[in-house]
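Encoded as structure tokens, the structure appears first; notes follow it.
The values are calculated or read from the model by the stated rules, or taken from the named source; none is laboratory data. Note that the structure is a prediction, hence the values are computed from the model and not measured. Glycine also receives a Cβ, built like all others from the backbone with ideal geometry; neighbour counts cover every protein chain displayed. Note: areas computed on protein heavy atoms with side chains; ligands, DNA, RNA excluded. Shrake-Rupley method; radii C 1.70, N 1.55, O 1.52, S 1.80 Å.
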Amino acid sequence: MILAIDMGNSNIVIGCIDDEKTYFVERLSTDKSKTALEYAMGFKTVLELYSIDIKKIDGAIISSVVPPLINAIVSAVEKIIGKTPMVVGPGLKTGLNIKMDNPKTVGSDLIVDAVAGIREYGAPLIIIDMGTATTMSVVDKDSNYVGGIIAPGVRLSMEALASNAAQLYKVSLERPQKTIGKNTIDCMKSGLVLGAATMMDGLIDRMEEELGYKTTVVATGGLAKVVIPLCRHEIIVEDDLLLKGLKIIYDKNVENK
């Protein structure tokens, strides 16, 4: 069993996974002001909540899109399990062929998602990750990572509206009853949630048109379970896709060592 951690701009996804199953998936808030000890306490609390025996954790791996926090998270993991975690980045083998203008600029979370998606579902593939940003990554029929899109996440869009429009405010992000809202709250829910679903449907159509063939579509991330059921395309929702990708990369690099 390994400890897998994905550090995003808003949340840190943490879980334990082995070859048989994912033991849990939880999210903690990303906070640049926290110390390594504070993160260690948070991780330890989650492990205790799920009755995970730390002695049974063989190692750990981290992916991150928040470079200033990597050292703190590495130190926190070392305090908890007594082992130095792998960090997805230069020097770590992923097995993914990235066909981008500058492959080094591709976010580690997108790489991890793609690695897991190819193993679980094969290619071609479109992977949607709904975090602070909503990303859509494209893997062609030859299993090459060929690009994608980055858009504001649903929650980020809501916060932008609430911050910049005097008469708008934050609302709960849940499925709207109707497309045509009858009050401000319903109008915002429809625009944010249905708007996101409609955007993804349209982008899937355009991506498949550019590729010249149909793809499997998989979604992950905190709001996927809210938005994806409203899409008209068939989309598989998998909450632990990132953890599976981290496990694959961890195993690949342990074997190389």
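For the reader, a short list of remarks on this structure follows.
- Considered as a group, the residues in the range 94-129 that are closer than 22 Å to ALA197 by Cβ and open to solvent by less than 10 Å² (accessible area, probe 1.4 Å) include one that is farthest from the chain's Cα centre (by Cα), and that residue is LEU125.
- Residues (assigned to a helix (DSSP H, G or I) and open to solvent by less than 80 Å² (accessible area, probe 1.4 Å)) located in the range 41-56: GLY42, PHE43, VAL46, LEU47, ILE54
- Of all residues in the range 202-231, those that are open to solvent by 20 Å² or more (accessible area, probe 1.4 Å), touching a residue at least 24 places away in the same chain (Cβ under 8 Å), over 14 Å from LEU125 (Cα atoms) and not β-branched (Val, Ile, Thr) total 4.
- Qualifying residue in the range 95-108 (condition: within 20 Å of GLY131 (Cα to Cα) and assigned to a helix (DSSP H, G or I)): yes
- Which numbered condition LYS189 misses (of (1) open to solvent by 80 Å² or more (accessible area, probe 1.4 Å); (2) touching an Asp or Glu at 6+ places or on another chain (Cβ under 8 Å); (3) charged (D, E, K, R)): (1)
- Condition check for ILE70: assigned to a helix (DSSP H, G or I), in contact with a Lys or Arg (Cβ under 6 Å, 6 or more places away or on another chain), hydrophobic (A, V, I, L, M, F, W, C) and touching a residue at least 40 places away in the same chain (Cβ under 8 Å): no
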